[in-house]
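Below is one structure, written out as structure tokens; comments come after it.
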Amino acid sequence: MPTAGRLAGALAFLIYGWYIGIALGPFFPEGNPPDFIIPMSIIVGILCGWMIVGTRADKGYVAAVGHGLTGAFAFIFWIIFLVSFYNMIRKSLRRLYDGPMDAVVDVFALMVKFGNDLLDVNLIIAVASGGIICAFIAEYFAKRYP
């Protein structure tokens, strides 16, 4: 059921996804991110804002910190997974795997590699603080318009 908290969470995470999608650019090889990274970040942000943060809104601002961190963690997990899955598909179309199980296992190896590339203090602070701010926005609108 649509609520003000869900809508506010989705809109806040839309902006958050756009910002993080731009901020991820330098972390790709040669600073050249795939063309789909910003639209994918926006879509994943909307879904995380609607389903994770928006559903938990109206429980208080202290709880919103945890909800924001949960939403931010889920957001970055899905971004890492989808980028790794895309890279696995590209590698499999070039026939670099011996079989389908090698490709599935390599998704997780690619996730670890890309996750290690994203270990930057500024990016971690941006992801965490942005998720908390978005949760505060969703909490505000959930309390104001029940």
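Each value in this text was obtained by applying a stated rule to the coordinates, not by laboratory testing. Quantities reported herein were computed from a predicted structural model and do not represent experimental measurements. Note that we place each Cβ from the backbone using ideal geometry, even for glycine, and neighbour counts take in every protein chain shown.
Per-residue answers, yes or no, for (1) β-branched (V, I, T); (2) in contact (Cβ under 8 Å) with a residue 12 or more places away in the chain; (3) crowded, with 22+ Cβ neighbours inside 10 Å; (4) touching a Pro at 6+ places or on another chain (Cβ under 7 Å):
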{"residue": "L11", "(1), (2), (3), (4)": "no, yes, no, no"}
{"residue": "G17", "(1), (2), (3), (4)": "no, yes, yes, no"}
{"residue": "I20", "(1), (2), (3), (4)": "yes, yes, yes, no"}
{"residue": "A74", "(1), (2), (3), (4)": "no, yes, no, no"}
{"residue": "I89", "(1), (2), (3), (4)": "yes, no, no, no"}
### Task
Answer yes or no as to whether L69 is on the phi < 0 side of the Ramachandran plot, touching a residue at least 60 places away in the same chain (Cβ under 8 Å) and over 17 Å from the mean Cα position of the chain (by Cα).
no
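Residues checked against (1) farther than 30 Å from A4 by Cβ; (2) aliphatic (A, V, I, L, M):
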residue	(1), (2)
L47	no, yes
R56	no, no
L69	no, yes
V105	yes, yes
I125	no, yes
S129	no, no
I137	no, yes
R144	no, no
### Residue that is farthest from S41 (Cα to Cα), among those in segment 89-131 that are of a type in the set (D, E, K, R) and either in a loop (DSSP other than H, G, I, E, B) or under 16 Å from the mean Cα position of the chain (by Cα) (or both)
D98
